[in-house]
1. Answer yes if at least one residue in the range A:416-427 is open to solvent by less than 80 Å² (accessible area, probe 1.4 Å), closer than 30 Å to A:Val97 by Cα and assigned to a loop (DSSP other than H, G, I, E, B), and no otherwise.
2. Scan the range A:189-210 for residues that are open to solvent by 40 Å² or more (accessible area, probe 1.4 Å) and in contact with a Gly (Cβ under 8 Å, 6 or more places away or on another chain) and jot them down.
3. Only one of these conditions is not met by B:Val125: (1) more than 7 Å from every other protein chain (Cβ to nearest Cβ); (2) farther than 20 Å from A:Ala280 by Cβ. Which number is it?
4. Among B:Gly4, B:Gly59, which is more than 10 Å from chain A (Cβ to nearest Cβ), closer than 24 Å to A:Asn162 by Cα and open to solvent by less than 40 Å² (accessible area, probe 1.4 Å)?
5. So which of B:Gly156, B:Gly255 is open to solvent by less than 60 Å² (accessible area, probe 1.4 Å), outside any helix (DSSP H, G or I) and within 11 Å of another protein chain (Cβ to nearest Cβ)?
6. Return the residues of the range B:17-32 that are open to solvent by 70 Å² or more (accessible area, probe 1.4 Å) and modelled with pLDDT under 90; say none if nothing qualifies.
7. Kindly establish whether B:Leu227 is within 21 Å of A:Pro233 (Cβ to Cβ), in contact (Cβ under 8 Å) with a residue 12 or more places away in the chain and in a helix (DSSP H, G or I).
8. Which one is modelled with the highest pLDDT among residues in the range A:172-194 that are part of a helix (DSSP H, G or I) and facing another protein chain (nearest Cβ under 7 Å)?
Amino acid sequence: MHGHHEEFIEAVAPGLGFYYLLLCLMNWGAAMYLWRTNVKTYFTVAGVGVTNVLFWLIVGFLFIILSPIAMMGSPPEFSHGVKDLVNSLSGPVTLTVGSLVGMMFLYFFRRWWTHPPIAWTLLNLSLLALGLAMADSNFFSIVGKGDNVPIVGLVFLLGYFNWLATYKAVINDDRRKQGLPPVEKTEDEKVLVWPDLVYTEMICMVALTAFMMIWALCLQAPLEEPASSVKTPNPSKAPWYFLGLQEMLVYYDPWYAGVVLPSIVVFGLMAIPFLDFNKAGNGYYTIEERKFSYIVFQLGFLELWIVLIILGTFLRGPNWNFFGPFEYWDAHKVLAGNNVDLSQYFWGGMLGQALPKAPLGSGAGTEIAYILLRESPGIILTLAYLILLPPILAATIFRSFFAKMGLIRFMLMANLLLLMISLPLKMVLRWTVNLKYIISIPEYFLNF
Amino acid sequence: MSIGETIRNSQLWKSVFRHPMPLDRRNRIVVMLTNFFLHLHPVSVKKQGIALSYTWCMGGVTFFLFLVETLTGVLLMFYYRPTLEWAFKDIQDLRDVVSLGIMRELHRWGAHAMVITTWLHMYRVFLTGSYKPPREFNWVVGVILLLLTLLLSFTGYLLPWDQLAIWAITVGSNMARATPFLGHEGPGQQILKVGGIDMITNATDARFALLGARFVGEETLNRFYVLHCVAIPLAVSLLLAIHFWRVRKDGGISGPL
């Protein structure tokens with residue numbers, strides 16, 4: 001085991017050394033930029049006056065010290081205590097709820113974290129954490145897998161673009177409070193496409209070509225053993241962009257998680273422009289002017305799509321069991337799972353009797369009637385959720401929405417919204433009361 | 001006369017480019033109107049609308065990656081044969097035998113990047129409210145393009161014919177057998193019976209239509225190959241044309257009204 005560890009460190013050391021070198025250059029570049037553009041701020045650290053330029057220079061120095069240390073074969077990493085803590089704390093519940101809390105933090109404190117120095121600090125910290133984690137062989141073996149590398153890129157790109165959009169929205173929202181138009185409206189100067197746009201496009205193409213070439217040269221495309229229909233790998237995973245849906249298979253059956261839900265997602269996305277009646281916020285960044293649609297989209301895209309992909313890719317191991325980021329993927333890990341259907345809760349738990357069952361030898365009609373009786377609590381609950389809740393919403397919190405949208409559009413929006421919320425709802429029910437199915441009709445493959 | 005001027009004044013040059021060099025204002029306008037590749041663009045745009053920090057350039061990057069995928073894909077097709085006997089071996093040879101063989105890497109990483117840039121493009125369009133009138137329909141076209149991008153990537157995932165490939169496609173396509181009514185393990189499948197005989201079995205259901213067989217096999221490889229290399233790219237090309245055309249017709253790059 002120890003020899004294996006040394007081999008691993010030897011293999012990742014040069015890459016990590018190079019990585020820290022890049023982080024150093026990144027900070028020195030920032031210092032250079034601040035120095036050249038004269039956006040200097042002064043503050044004191046322990047009585048010594050420094051400028052932001054000096055501060056990022058020093059941060060760069062710290063990284064460049066790490067670089068040779070890593071390259072010489074002892075890359076810094078998290079201590080065992082930290083790793084064990086992270087492993088024991090992480091789980092589907094903490095990850096989903098934690099990311100939700102994180103998003104609420106980002107939303108409510110957007111004025112604070114979009115300040116460039118703070119955002120830059122957060123970027124530095126997350127890149128440092130990635131570097132420290134990469135020196136762990138368990139973490140590296142999952143995150144460093146060829147097809148998983150793009151997801152790491154996606155996470156940082158989303159972080160960056162989320163910052164950029166929020167930063168611009170905060171500025172525009174502030175301007176609106178002062179009665180000014182959004183920044184985008186102040187510059188209505190027109191320029192010729194040749195050269196202003198054509199050149200930008202060409203530079204983008206050249207840069208992107210270079211980037212793709214470097215990526216292709218540095219990282220080999222994965223190729224495993226030849227296909228064999230008898231050797232099932234464990235875990236068997238769909239391509240990474242579908243892993244959010246595969247994660248939903250934990251909570252729903254394939255007919256819903258794999259067929260109906262994705263169809264609803266596609267349909268719901270297409271319906272967005274026809275449901276969003278708010279005319280404000282067309283063509284510029286804003287949050288205040290379209291809070292509702294902003295929050296729904298952030299929740300749907302970042303929480304219910306991206307976070308579930310991360311969970312499904314990095315943290316789901318053999319038998320789709322959950323594994324912490326520094327945990328070894330042990331195929332023999334056994335987790336107790338005893339999930340109960342709502343009908344069992346209702347007939348067995350509440351009424352203390354056996355599930356209604358058609359007498360032996362009865363016809364198909366009687367059988368169906370008994371099944372419907374057995375599942376009536378779930379069926380009534382689901383129908384009430386989808387049919388009764390929209391009018392109640394229309395009469396209460398969505399009163400103004402209903403007035404502006406009309407019946408059909410409102411019902412469509414309410415149902416799409418309720419179906420979207422049903423995902424986290426079912427997750428919470430599973431975690432808290434081990435609920436398996438709300439409606440369970442295995443006779444007709446209809447479990448919900 | 002310099003060499004450059006001689007070339008630009010030659011009959012050959014003038015026959016290809018229908019306008020003089022775009023050095024002055026007039027010719028910079030003319031070049032946009034008379035060049036096939038450039039006429040996709042308007043002559044002038046709002047300066048704000050093309051600011052990188054506003055557009056993120058993600059739509060353009062996605063289109064560029066589509067071109068990269070097309071080019072590298074054609075080169076890969078020269079070597080790759082979609083049969084059980086050769087598929088894996090050809091991919092192996094592309095890695096081990098072809099010198100500077102990074103075409104497969106470019107193709108695979110480009111595919112992943114294209115999925116990501118499509119999402120980022122949609123994210124930007126949403127956050128700037130650019131799907132609002134008059135651009136509603138173009139958002140719908142964009143959603144279909146997103147779906148096709150994912151299907152392109154999914155069908156291509158099978159072609160290397162290694163363990164990663166067939167099991168990812170097996171897991172993904174297993175969903176189809178649970179399609180309501182049309183999958184042999186889907187709810188409502190029992191209703192479709194004629195004279196007591198199931199119409200929807202594992203040899204007639206949605207999954208069979210997708211795979212061309214009861215399990216991921218040679219028929220699937222061929223089917224996915226044709227979808228990946230011909231059918232879906234053609235559909236994407238058509239929709240891309242509509243997507244770009246509608247950007248122009250719906251008022252160009254979005255901006256505050």
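1. no
2. A:Glu201
3. For B:Val125, the failing item is (2).
4. Only one candidate qualifies: B:Gly59.
5. The unique qualifying residue is B:Gly255.
6. Matches in the range B:17-32: B:Phe17, B:Arg18, B:Pro20, B:Met21, B:Leu23.
7. No; evaluated as a whole, the condition is false for this residue.
8. Ranking the qualifying residues of the range A:172-194, first place goes to A:Val193.
The values are calculated or read from the model by the stated rules, or taken from the named source; none is laboratory data. What you see is a predicted model, and the numbers here were worked out from it, not measured in a lab. Cβ: placed from backbone, ideal geometry, glycine included. Neighbour counts: every protein chain shown. Keep in mind that these areas ignore ligands, DNA and RNA; they rest on the heavy atoms of the full protein, side chains included. Shrake-Rupley method; radii C 1.70, N 1.55, O 1.52, S 1.80 Å.
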